[in-house]
Amino acid sequence: GTFAGDIRLNVNAAQPTAMVTTTLGKINLEPLLKDFMDATYLTGKGNIQLSLAGNGADTAALKRSLNGSGSLNLEDGVMTGVDVYDVLGRIETMIRNKRLVEMPQGGQTSFDNFSATLGINNGVVSSNDLLIEAPGWKITGAGTLVDLGTERIDFKMDTVTVPATAPADKKFDISGNTLPIACTGTLSSPRCLPDAQKIISSAVSNVVQQRLGTFLQ
């Protein structure tokens, strides 16, 4: 990829201060995340824009004090922590069979596009407009993408199916509902938990109502 930017370090004050304005174009995100944050939960190729300022006597202190903004746009990548296709398939099976089964944990999800506007406040990188798209579904999300001081993540996502873009073998039906997914943990060990309870409860409740109506009739 390419780099264009302006990096300034001032060591005249009691605490060194750094200012970074940078654009990374068509970069491979995986080795960059691995080097900068020892993280491997997101891969892809695309563009990153950052405007940051911080102060501190070492790298760790600088990370914790960073403030600024940025944006992220990736293509053809993988997100670790949840297998969206597997989750949607199991939910569809539960709705069809009208019974609960254990939801999968962990796994990986390939995506076509991943974008987010970033806000950085005292080393906490957050986004309110995260968007992930793949054939058959899309995800919107918000929360803490990473706390650079603790390496923790904490963001919530909502998955909706998009039948018009789904391949023939990936046309999932979750009864018009959205599927919440909560991601927590650390950069090196993210954990994303789907919550299908509302969807399944609604489906089961509808069946009970239908059976009761038939019985009364």
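Some notes on this structure:
- Verdict on Thr40 being open to solvent by 50 Å² or more (accessible area, probe 1.4 Å), within 17 Å of the chain's Cα centre (by Cα) and hydroxyl-bearing (Ser, Thr, Tyr): yes
- Enumeration of residues in region 101-156 that are acidic (Asp, Glu), within 16 Å of Val87 (Cα to Cα) and modelled with pLDDT of 90 or more: Glu133
- Subset tally (residues that are without any contact (Cβ under 8 Å) to a residue 12 or more places away in the chain and assigned to a strand (DSSP E or B)) for region 166-191: 0
- Scanning region 166-190 for residues that are at pLDDT 85 or above and under 30 Å from Pro31 (Cβ atoms) yields Ile181, Ala182, Cys183, Thr184, Gly185, Thr186.
- Restricting attention to region 28-37, the residues that are at pLDDT below 80 and open to solvent by 70 Å² or more (accessible area, probe 1.4 Å) add up to 1.
- Looking only at region 61-84, and only at residues there that are surrounded by fewer than 17 Cβ atoms within 10 Å (Cβ to Cβ) and aliphatic (A, V, I, L, M), the one that is nearest to Leu131 (Cα to Cα): Val78
- A single entry from Gly54, Gly46, Gly106 fulfils the requirement of being under 22 Å from Glu151 (Cα atoms) and crowded, with 16+ Cβ neighbours inside 10 Å: Gly54.
- Checking each residue in region 5-27 for being part of a strand (DSSP E or B) and open to solvent by 60 Å² or more (accessible area, probe 1.4 Å) picks out Asp6, Ile7, Arg8, Leu9, Asn10, Met19, Thr21, Lys26.
- Counting the residues of region 127-154 that are closer than 22 Å to Gly54 by Cα, among the small types (Gly, Ala, Ser) and in contact with an Asp or Glu (Cβ under 9 Å, 6 or more places away or on another chain) gives 1.
- Met157, sole failed condition from (1) in a strand (DSSP E or B); (2) more than 16 Å from Leu74 (Cβ to Cβ): (2)
The values are calculated or read from the model by the stated rules, or taken from the named source; none is laboratory data. Note that this is a predicted model, so its numbers are computed, not measured. For neighbour counting, all protein chains shown are included, and Cβ atoms are generated from backbone atoms with ideal geometry for every residue, glycine included. Calculation scope for accessible area: heavy atoms of the full protein, side chains included, ligands and nucleic acids excluded. Shrake-Rupley method; radii C 1.70, N 1.55, O 1.52, S 1.80 Å.
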